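One structure below.
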Amino acid sequence: MAKTFYAKSSPYYKTPVFDRQMGYFNKRNIPADINDITYEIEPQYAYRPDLLAYDLYGSAKLWWVFATRNIDSLKDPIFDFVPGLKIKLPQKPTIDALIGS
């Protein structure tokens, strides 16, 4: 029987777990929204999407939202997170509605 052992804020929340073994990864979708903001990564957030997630959404655990929403520009969600890169940021109400925080 498939269960989930992951918090709603986890990128693995929709991935089933069978008898303590993770099933195939079910990617969570963060669709483009008209209210998304174009943001240029500032130096204090270089290689630290967790810090930006904390400042924007109140949880460092939501760092994966940036990688999911900007899959074309963030192939590596840590080392591609460099100052000057422009990414799309979903607004907090959008994230709250999608994730249910």
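We did not get these values from a lab; they are worked out from the coordinates using the rules stated. Please read these numbers as outputs of a predicted model, since none were measured by experiment. Virtual Cβ from ideal backbone geometry, glycine too; neighbours counted across all protein chains shown.
For the chain, please report how many Lys pairs fall under 22 Å Cα to Cα, leaving out neighbours fewer than 8 apart on the same chain.
For the chain, the number of qualifying lysine pairs is 21.
In percent, how large is the relative contact order of the range 12-93, given Cα pairs closer than 8 Å and 6 or more residues apart?
Answer for the range 12-93 is 33 percent.
So if each residue of separation counts as 0.36 nm, and I subtract the Cα-Cα distance between Ala97 and Ser59, what length gain in nm does that give? Mind dumping the intermediate values first?
Values: separation 38, 0.36 × 38 = 13.68 nm, distance 1.51 nm.
That works out to 12.2 nm of additional length.
Write out the chymotrypsin sites (Phe, Trp or Tyr not before Pro) in the range 20-86 meeting two conditions: DSSP loop, and at most 15 other Cβ atoms within 10 Å of their Cβ. It would help to have the intermediate numbers written out before the result.
Values: sites: Tyr24, Phe25, Tyr39, Tyr45, Tyr47, Tyr54, Tyr57, Trp63, Trp64, Phe66, Phe79, Phe81; in loops: Tyr24, Phe25, Tyr47, Phe79, Phe81.
For chymotrypsin sites (Phe, Trp or Tyr not before Pro) across the range 20-86 that sit outside H, G, I, E and B with at most 15 neighbouring Cβ atoms in 10 Å, the list reads Tyr24, Phe25, Tyr47, Phe79.
For the chain, what does -39500 (n - 2.57) per DSSP helix run (n ≥ 4), summed and divided by total residues, give at 222 nm, in deg cm²/dmol to the nearest 500?
Helix contribution divided over all residues of the chain: -6000 deg cm²/dmol.
Working out 0.36 nm times the residue gap between Asn29 and Tyr47, then minus their Cα-Cα distance, what length gain in nm do you get to one decimal?
On the way: separation 18, 0.36 × 18 = 6.48 nm, distance 2.26 nm.
Once the chain is fully extended between Asn29 and Tyr47, it gains 4.2 nm.
If you take the Cα atoms of the chain, find Rg, then find the Kirkwood Rh from the mean of 1/r over all pairs, what is Rg/Rh?
1.00
Once the other residues with Cβ under 15 Å from the Cβ of Leu51 are scored (Lys, Arg +1; Asp, Glu -1), what is the net sum?
Result for the neighbourhood of Leu51: -1.
What distance in nm separates the simple spin-label points at Asp19 and Tyr39, each placed 7 Å from Cα in the Cβ direction?
Distance between label points: 4.3 nm.
Can you sort Ser9, Ser73 by how many other beta carbons sit within 10 Å, fewest first?
On the way: Ser9 18, Ser73 14.
Final ranking by Cβ density, sparse to dense: Ser73, Ser9.
What list do you get for Ile95, Ile78 if you sort them by fewest beta carbons within 10 Å?
The fewest-first ordering by Cβ neighbours comes to Ile78, Ile95.
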